[in-house]
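These notes concern the structure reproduced below.
The values are calculated or read from the model by the stated rules, or taken from the named source; none is laboratory data. Since the structure is predicted, the reported quantities are computational estimates derived from the model, not experimental observations. When we count neighbours, we look across all protein chains shown, and the Cβ atoms used for this are built from the backbone with ideal geometry, even at glycine.
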Amino acid sequence: MRTKLAAGNWKMNGTRASLEQLERIAAVAGNGPSEVLICPPATLIHAAAEVAGPVGIGGQDCHAAGSGAHTGDISAEMLKDAGASYVILGHSERRADHGESDALVRTKCRMAWSAGLKAVVCVGETLEQYEHSNTLDIIGGQLAGSIPDEATGHNLVVAYEPVWAIGTGKVPTVNEIGDVHDFIRARLERRFGAGVGRSVRLLYGGSVKASNATEIFHTSNVDGALVGGASLKADDFVPIIEALNASND
């Protein structure tokens, strides 16, 4: 059985005052069978880890090198040392804003694993690609290029985030979400074998909120969500966690 995962990506939001929200999330995170993860900005990782309780803490990116002359960057080992257990890699905002390629994401993934971090590798198509019915081709290429051969169900989580749905309020139909998640599962099984392929958790991300979480979490091969804006406040994120817990029944 795959443990379901509710992951929150705070992006470039949050100060020490935001830890109150994390404490409120932590107060309910241990009440169900699902795992809960919050990825705050790097400035909060150490402080967040100290108050997170049952909530895992993750980074939002790491450098492809272990150390060196990379001003302003953060290594996977630094994230681990600060208290992180996960790191998000290849998010569409990193791919678009910083020109990150599949090959770079792959290298970062290996670096994260060498530091003992679990990697949440993001894949997703743009609106233009979606409208031209290229979704599965794009996802297939990103999976092949971004995930190293050493992947296991323990060190890898895959998050499908249609770029056109992130923060827009637009959400694919549950059939579309299911089709993509089924495709990802099949690709993982074909590449890594049924054992590993079936053990990797698949998250959906893209305007997930309390009002649509239940329907999404009952969709084929959806093992949880990678949530952006709705994870910043406990009042918004806790109902998503509760919907995920309920989907275990």
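Observations
- Reported count of residues in the range 97-129, each being part of a helix (DSSP H, G or I), out of contact with any Phe, Trp or Tyr (no Cβ under 7 Å at 6 or more places or on another chain) and over 17 Å from Gly56 (Cβ atoms), is 14.
- Counting the residues of the range 143-164 that are outside any loop (DSSP other than H, G, I, E, B), of a type outside the set (Val, Ile, Thr) and buried (at least 22 other Cβ atoms within 10 Å of the Cβ) gives 4.
- Screening the candidates Ser75, Ser34 for the property of being touching a His at 6+ places or on another chain (Cβ under 8 Å) and either among the small types (Gly, Ala, Ser) or at pLDDT below 95 (or both) yields one hit, Ser75.
- Pick from the range 1-24, criterion part of a loop (DSSP other than H, G, I, E, B) and within 17 Å of the chain's Cα centre (by Cα), ranking: surrounded by the fewest Cβ atoms within 10 Å (Cβ to Cβ): Met12
- Only listed residue being modelled with pLDDT of 95 or more and closer than 20 Å to Lys11 by Cβ, chosen from Lys170, Lys118: Lys118
- Subset of the range 33-48 [surrounded by 17 or more Cβ atoms within 10 Å (Cβ to Cβ) and within 18 Å of Leu5 (Cα to Cα)]: Ser34, Glu35, Val36, Leu37, Ile38, Cys39, Pro40
- Here is the figure for the range 51-69: residues that are among the small types (Gly, Ala, Ser), surrounded by fewer than 18 Cβ atoms within 10 Å (Cβ to Cβ) and closer than 30 Å to Ala27 by Cα total 1.
- Here Ser199 does not fit the description of being at positive phi and of a type outside the set (Val, Ile, Thr).
- Residue satisfying all of: in the range 146-170; of a type in the set (Val, Ile, Thr) and within 17 Å of the chain's Cα centre (by Cα); nearest to Glu215 (Cα to Cα) among these: Ile166
- The number of residues in the range 80-106 that are more than 16 Å from the chain's Cα centre (by Cα) and closer than 15 Å to Asn155 by Cβ comes to 1.
- Tallying residues that are free of Cβ contacts under 8 Å to residues at least 24 places away in the same chain and under 19 Å from Thr173 (Cβ atoms) within the range 130-155 yields 5.
- For the criterion of being surrounded by fewer than 18 Cβ atoms within 10 Å (Cβ to Cβ) and not acidic (Asp, Glu), Gly72 passes.
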